[in-house]
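Asker: Dropping the structure in here first, questions after.
The values are calculated or read from the model by the stated rules, or taken from the named source; none is laboratory data. On a predicted model such as this, the values are computed, not experimentally measured, just so you know. Methodologically, a virtual Cβ is constructed for each residue, glycine included, from the backbone with ideal geometry; neighbour enumeration extends over all protein chains shown. When the accessible area is computed, the model is the full protein with side chains, heavy atoms only, and any ligands, DNA or RNA have been set aside. Shrake-Rupley method; radii C 1.70, N 1.55, O 1.52, S 1.80 Å.
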Amino acid sequence: MFPSATSAFTTYASISASLMLFRSIFNDLIPYPLRRHLLSALSYLFSFCSDKQTILVEQSDGIEPNHVFNASEVYLGTKISPQTKRLKVSKRLKDKGLSFRLDKGQRVTDFFQGVELKWRHVCYEVEKRGHRGDSNVVERRYFELRFKNKCRDVVLNSYLPFVLKSAELIESEARVLKIHTLGNSHYASKFKWESIKLEHPSTFETLALDLELKNMIVEDLNRFLRRKEFYRKVGRSWKRGYLLYGPPGTGKSSLVAAMANYLKFDIYDLQLENIKSDSELRKLLLDIANKSILVIEDIDCSVNLHDRTRGHKRSGQDKQFTLSGLLNFIDGLWSSCGDERIVVLTTNRKDRLDPALLRPGRMDLHINMSYCTMQAFRVLASNYLGIEGDHRLFGDIKELLEGTKVSPAQVAEELMKNEDADVALEGFVSFLKQKKMEDDELEKVEALKKLEIKESREPKMEHKPLKKDHTLPQMVE
Ligand SMILES: Nc1ncnc2c1ncn2[C@@H]1O[C@H](COP(=O)(O)OP(=O)(O)OP(=O)(O)O)[C@@H](O)[C@H]1O
Ligand SMILES: [Mg+2]
């Protein structure tokens with residue numbers, strides 16, 4: 001005989017009333033610390049009879065935030081399912097989209113290498129006593145991760161590192177990159193960094209560079225990111241300096257943007273003309289966040305940095321801005337402030353730079369951005385005209401490019417003139433022919449000029465009247 005619906009409901013009501021009564025007596029009569037001990041002793045007893053293990057990931061480890069907790073929170077935000085009933089949603093200024101977090105008490109089940117992993121977000125309150133005896137209640141949080149005993153190795157050695165790595169990727173994907181420049185809304189004549197969204201489309205795929213050079217740069221960046229421990233071990237600050245040199249329009253600024261997009265680093269564009277003193281420079285550089293690229297464009301002409309001892313004085317000001325002040329940040333003692341920094345200097349004229357900037361070890365890599373080669377041209381042809389593989393005009397173009405100095409920027413401009421690939425390439429061939437003629441003409445003029453200069457420097461023969469030379473045979477009259 002089944003109990004009637006009324007009696008089943010009465011039994012349910014009386015059991016739940018007793019449970020509630022028991023809970024409120026338990027909470028009211030037993031002080032909080034004892035309650036926690038009793039509960040953890042009970043769960044300890046239960047864990048003996050279970051084939052499951054539990055890992056607790058607490059929000060903070062003493063004073064420091066627990067990185068595993070933050071990573072788990074980010075990772076689990078991507079694992080929500082229709083069964084997750086309560087979610088928290090947020091968006092920071094730097095984020096591209098919304099991000100989700102589990103609310104307290106919510107559960108998520110994940111699978112990794114065939115292992116079932118049950119997560120639960122737990123929140124509890126603790127009473128904290130201040131110095132003056134006053135108390136306040138603070139919320140503490142942790143994640144509980146349950147899995148089968150036999151999967152312990154997989155969880156500790158593979159799953160948790162996987163969660164950390166995934167969270168890092170999710171965070172960097174979600175980040176909006178920024179470019180920071182010195183704003184002129186300066187307070188007390190001091191400049192401050194102001195930022196806007198960096199939406200430069202340049203990437204290593206779109207960059208027209210010789211493949212070997214491109215791969216070398218990407219590998220260098222990857223090695224730099226991997227070697228945090230190495231830098232620490234050898235006593236160097238975790239920084240890398242690149243000097244990009246080459247004629248205008250060869251892609252120096254585009255390479256900086258590609259680096260930022262690849263590494264997901266912000267760019268800090270420092271215009272040295274605005275800096276008045278070393279101390280101002282120091283302050284600005286200390287305000288730069290980690291994971292960033294500091295760029296100083298056209299270092300040869302931004303400020304007269306040649307005189308290291310006297311510094312750069314401005315009229316009516318005794319403050320100084322010196323090259324040594326800058327170098328101190330690049331690789332001196334001040335450079336140890338901050339991690340994961342990249343410094344890029346660009347110049348059109350490497351020969352004009354102070355030798356101090358070129359000294360070995362100062363800029364780790366000198367990258368020559370040269371005129372357009374055939375390999376670089378193929379990248380541009382694919383970007384701008386969608387040409388993959390070969391084209392009937394590529395032979396002519398290769399020959400013409402070898403004898404002409406055209407920057408990738410000039411090539412790009414020509415290729416943009418027509419959407420039809422054949423028309424655009426024919427136009428480009430005529431452009432190259434014209435350019436070649438002009439270059440040849442220019443070369444002739446240059447050669448003539450050099451000859452003239454050489455001649456003007458050579459000592460002139462003096463045409464003195466011939467003295468009577470007694471050695472000469474006398475004319476017989
Ligand atoms: N190597 C390249 N690959 C792809 N595009 C390029 C390349 N070089 C130049 N360009 C194109 O030309 C434009 C100008 O190039 P960019 O500003 O990077 O040159 P730059 O070397 O920094 O010049 P400058 O010395 O005048 O600062 C870019 O916006 C890009 O469209
Ligand atoms: Mg540039």
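Asker: Name the residues in the range 360-371 that are touching a helix residue (DSSP H, G or I) at 6+ places or on another chain (Cβ under 9 Å), assigned to a loop (DSSP other than H, G, I, E, B) and away from ligand 2 (no atom under 16 Å from the Cβ), would you?
Answerer: Scanning the range 360-371 gives Gly361, Arg362, Met363, Asp364.
Asker: Okay, next question. Determine whether Ile275 is within 16 Å of ligand 2 (Cβ to nearest atom), open to solvent by less than 20 Å² (accessible area, probe 1.4 Å) and of a type in the set (Val, Ile, Thr). Show your work before the answer.
Answerer: Numbers: within 16 Å of ligand 2 (Cβ to nearest atom): no; open to solvent by less than 20 Å² (accessible area, probe 1.4 Å): yes; of a type in the set (Val, Ile, Thr): yes.
Answer is no for this residue.
Asker: If I filter the range 181-189 for residues that are in a strand (DSSP E or B) and closer than 30 Å to Tyr371 by Cα, do I get at least one hit?
Answerer: Within the range 181-189, the first condition is being in a strand (DSSP E or B), and the residues that meet it are 181-187.
In the following step, the residues that additionally are closer than 30 Å to Tyr371 by Cα were identified as 181.
Yes; the residues of the range 181-189 include at least one that is in a strand (DSSP E or B) and closer than 30 Å to Tyr371 by Cα.
Asker: When the range 243-265 is examined, which residues are found to be more than 11 Å from ligand 2 (Cβ to nearest atom), within 20 Å of Asn348 (Cβ to Cβ) and without any contact (Cβ under 8 Å) to a residue 60 or more places away in the chain?
Answerer: Matches in the range 243-265: Ala258 only.
Asker: Which condition from (1) at pLDDT below 85; (2) more than 16 Å from ligand 1 (Cβ to nearest atom); (3) under 25 Å from Ile330 (Cβ atoms) is the one that Leu182 breaks?
Answerer: It fails just one condition, (1).
Asker: Under 6 Å by Cβ, and 6 or more places apart or on different chains, what pairs join a residue from the range 339-350 that is within 10 Å of ligand 1 (Cβ to nearest atom) with one that is hydroxyl-bearing (Ser, Thr, Tyr)?
Answerer: So the pair list comes out as Thr347/Tyr245.
Asker: Still on this structure, I have one more. Any residue at all in the range 386-403 that's within 27 Å of Asp220 (Cα to Cα), of a type outside the set (Lys, Arg) and in contact (Cβ under 8 Å) with a residue 24 or more places away in the chain? Walk me through it before giving the result.
Answerer: In the first step, residues of the range 386-403 are kept if they are within 27 Å of Asp220 (Cα to Cα); the result is none.
No: zero hits.
Asker: List the pairs whose first member sits in the range 266-292 and is farther than 22 Å from Ser253 by Cα and among the charged types (D, E, K, R), whose second member is open to solvent by 50 Å² or more (accessible area, probe 1.4 Å) and part of a loop (DSSP other than H, G, I, E, B), and whose Cβ atoms are under 7 Å apart, counting only residues at least 6 apart or on separate chains?
Answerer: What qualifies is Lys276/Arg314; Lys276/Gln317; Lys276/Lys319.
Asker: How many residues, within the range 351-372, are within 16 Å of ligand 1 (Cβ to nearest atom) and buried (at least 17 other Cβ atoms within 10 Å of the Cβ)? It would help to see each step written out before you state the result.
Answerer: From the range 351-372, those within 16 Å of ligand 1 (Cβ to nearest atom) are 351-353, 366-372; that's our starting set.
Of the ones still in play, those that are also buried (at least 17 other Cβ atoms within 10 Å of the Cβ) are 353, 367, 369-372.
Adding up the residues that qualify gives 6.
Asker: Residue by residue through the range 384-422, note down the ones that are open to solvent by 70 Å² or more (accessible area, probe 1.4 Å) and either assigned by TED's automatic domain parsing to the domain that holds Gly246 or within 16 Å of ligand 2 (Cβ to nearest atom) (or both).
Answerer: Glu413
Asker: Still on this structure, I have one more. Assess whether Glu280 counts as being at pLDDT 95 or above and more than 16 Å from ligand 1 (Cβ to nearest atom).
Answerer: Numbers: at pLDDT 95 or above: no; more than 16 Å from ligand 1 (Cβ to nearest atom): yes.
Taking the combined requirement at face value, the residue does not satisfy it.
Asker: I would also like to ask the following. Can you find even one residue in the range 209-222 that is modelled with pLDDT under 90, more than 16 Å from ligand 2 (Cβ to nearest atom), of a type in the set (A, V, I, L, M, F, W, C) and not assigned by TED's automatic domain parsing to the domain that holds Trp119?
Answerer: Filtering the range 209-222 for residues modelled with pLDDT under 90 gives none.
No.
Asker: Here's something else I'd like to know. May I ask you to list the residues in the range 215-242 that are within 16 Å of ligand 1 (Cβ to nearest atom) and touching a residue at least 12 places away in the same chain (Cβ under 8 Å)?
Answerer: Going residue by residue through the range 215-242, those that are within 16 Å of ligand 1 (Cβ to nearest atom) are 215-218, 242.
Once the filter is applied, which keeps residues that are within 16 Å of ligand 1 (Cβ to nearest atom) and touching a residue at least 12 places away in the same chain (Cβ under 8 Å), the range 215-242 yields Ile217, Val218, Tyr242.
Asker: So, one more: Does the range 244-258 contain at least one residue that is outside any helix (DSSP H, G or I), open to solvent by less than 40 Å² (accessible area, probe 1.4 Å) and more than 16 Å from ligand 1 (Cβ to nearest atom)? Spell out the reasoning first.
Answerer: At the first step, the residues of the range 244-258 found to be outside any helix (DSSP H, G or I) are 244-251.
Filter again for open to solvent by less than 40 Å² (accessible area, probe 1.4 Å), leaving 244, 246-247, 249-251.
Those still in the list that are more than 16 Å from ligand 1 (Cβ to nearest atom) too: none.
For the range 244-258, residues outside any helix (DSSP H, G or I), open to solvent by less than 40 Å² (accessible area, probe 1.4 Å) and more than 16 Å from ligand 1 (Cβ to nearest atom): absent.
Asker: Taking the condition more than 18 Å from Asn383 (Cα to Cα), open to solvent by less than 40 Å² (accessible area, probe 1.4 Å) and not in a helix (DSSP H, G or I), does Leu221 pass? I'd like the intermediate steps shown before the answer.
Answerer: Numbers: more than 18 Å from Asn383 (Cα to Cα): yes; open to solvent by less than 40 Å² (accessible area, probe 1.4 Å): yes; not in a helix (DSSP H, G or I): no.
Here the answer is no, as Leu221 does not meet what is asked.
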